[in-house]
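Trainee: Handing you a structure now.
Here, each number is a calculation from the coordinates, and none is a lab measurement. Since the structure is predicted, the reported quantities are computational estimates derived from the model, not experimental observations. Neighbour counts are summed over all protein chains in view; Cβ atoms, including those assigned to glycine, are modelled from backbone coordinates with ideal geometry.
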Amino acid sequence: MSVASHASGFKSNAFPPPLLPADHPSDGTMIALFGRGRHERAGFTLYGTAVAAARAPFHYAELGVRDTLDGRFDMVGLHVFLLIRRLTGLPKPGPAVAQAMFDAMFADMDVNLRELGVGDLSVGRKVKSMWEAFHGRSAAYQTALAEGPQALSAALARNVWRGAEPSAATDRLAHIVIAQDRHLAGLPADQLLAGRASFLSPEAL
């Protein structure tokens, strides 16, 4: 997994303080997230929504995002970022739900690495690298969204396309991300805090 080597520099003033991975059971199972409270359940459900949106074939077949472990990680991270951005802008318990979704994401990464045969001694190090990559990207996207479509296209080119120059594909994804961000901003807070969110179909944007 090479995601960490491509992370953008983290700027603490551009994104809320880093979310920290919770201590997960040694067996890596996500089932432990259930029963720990309403925030964890909401976070788990929101993470599933982000994963489903990230898996849209349009991203890979039409935009040319690489259909690899790194490419899928990038798209999942992008959609999780958008939900965390929305949740951390809400009053309590918005940040707590954002933390729960983050925990669900990295519990899932732990499970995936183990299923790929990564040894127990290496999983923690790799999950930490993925966390650093995710937070670096999140900071870059947060800054770029404030600066406008061109900045976002450049940030996506650096991260999703691994240092490529901005192109029609990065411009299109930037347009999609902005539209998704506006869509999430319009969803009722109580709906999001209950774990109910939606993303727009990317091919329609």
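Trainee: Does anything in segment 137-173 have its amide N under 13 Å from the 7 Å Cα→Cβ label point of Phe58, and if so which residues?
Mentor: 172-173
Trainee: Provide the FRET efficiency to the nearest 0.05 for the Val111-Asp190 pair, computing r from the beta carbons and using R0 = 30 Å.
Mentor: 0.50
Trainee: Continuing with this model, one more query. Which of His183, His39 comes first, and how do the rest follow, when ranked by fewest Cβ neighbours within 10 Å?
Mentor: His183, His39
Trainee: What ranking do Lys92, Lys128 get, fewest neighbouring Cβ atoms within 10 angstrom at the top?
Mentor: Ascending number of Cβ neighbours within 10 Å: Lys92, Lys128.
Trainee: For the peptides 99-107, 48-56, what is the packing order when you average, over each peptide's residues, the other Cβ atoms within 10 Å and list the highest mean first?
Mentor: 99-107, 48-56
Trainee: For the ranges 77-90, 189-202, what's the packing order if you count other beta-carbon atoms within 10 Å of each residue, average per peptide, and put the highest first?
Mentor: Packing proxy ranking, top to bottom: 77-90, 189-202.
Trainee: Right, here's the next one. If you take the square roots of the eigenvalues of the alpha-carbon gyration tensor of segment 37-200 and sort them as a ≥ b ≥ c, do you get rounded (a/c under 1.5), prolate (a/b over b/c) or oblate?
Mentor: Because a/c hits 1.5 or more and a/b fails to exceed b/c, segment 37-200 counts as oblate.
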